[in-house]
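Working notes, beginning with the structure itself.
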Amino acid sequence: MRSLIVSKTISAGVILAMAMHANAEIPQSNQTTGSAENVTQYIEQAKSELNETDCANIQFSGNNYTAAITDAQEAHRRCQLNTPGPVTKVSIAGVGLVDYQRLFTVESEPGESMDAFAVRIGPRIKAYSEQSGFEACGVIAQKDDKYSVVVGTNFGYVVCVNSGNLVVEGFKHAGATIHSHGKDGKFRPSKTDLAFMGQHFSGRNPNLTVVHGQKANEFSQEDHKSGAGYLAGSDGKLFHQANGRTRQVDIER
């Protein structure tokens, strides 16, 4: 059997309709103040109507109904951003439809640089790859002085699709991506891997094909071709490459 060494993080025009934020209905009430018992009742109503039952440790700072609803909405939004979305299909030019799942969405803290933001989210991205074997990736987007990233996967061991369409509403591509490498060693490619590497397997039985994964802490040739970006490596390490130069990002956390 012939072994191939292939690694791709591909930027492509992706056709995908995604709702990044929930449009939860706000419970109505003319009463905005009341006893602690009443406020607690309103909070429980807000949690119920906003489907907050799966999000623990919600903090409510307000002492009235309106403040309670505001807190519940923000908790609901943050919960959704950290909950994987459904598996959908994305259309890739020259490839066709491939699976895509949003894993989580992260926004930067006030004053956080792009490097610091990438260092903070890198271990979470790598943890998914270590657990699943698949690559995960996302476009780092910017709005004013704030960054965000929508991290997703195409269930590929050596491929992950990045697109400027897959960003938080109101944010735009900041000129960098972030991804993690998937399974190392020999393995049988997934259907996503085969879709992108089909030209290599023309006329062969995919079930007999063996592919080698890429190194966890090194950019592949395809990574360099796809533009500037970060690689979430093992042991919390983070690397950045652009214009043929690679550096390890070291930010105190």
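Residue order for HIS179, HIS173, fewest other beta carbons within 10 angstrom first, comes to HIS173, HIS179.
Using a cut-off of 32 Å between Cα atoms, the listed pairs LYS143/LYS183; LYS186/LYS237; LYS191/LYS225 include LYS143/LYS183 as exceeding that distance. The residues packed around ILE178, meaning those with a beta-carbon under 12 Å from its beta-carbon, carry a net charge of 0 if Lys and Arg are +1 and Asp and Glu are -1.
Taking a ≥ b ≥ c as the square roots of the eigenvalues of the Cα gyration tensor, the stretch 85-209 is classed as prolate, since a/c reaches at least 1.5 and a/b is larger than b/c. Here the stretch 220-253 and the stretch 158-199 have alpha carbon centers that stand 15 Å from each other.
The numbers here are math on the coordinates, done by the rules we state, and not lab data. Keep in mind that this is a model prediction, so the values were computed, not measured. Methodologically, a virtual Cβ is constructed for each residue, glycine included, from the backbone with ideal geometry; neighbour enumeration extends over all protein chains shown.
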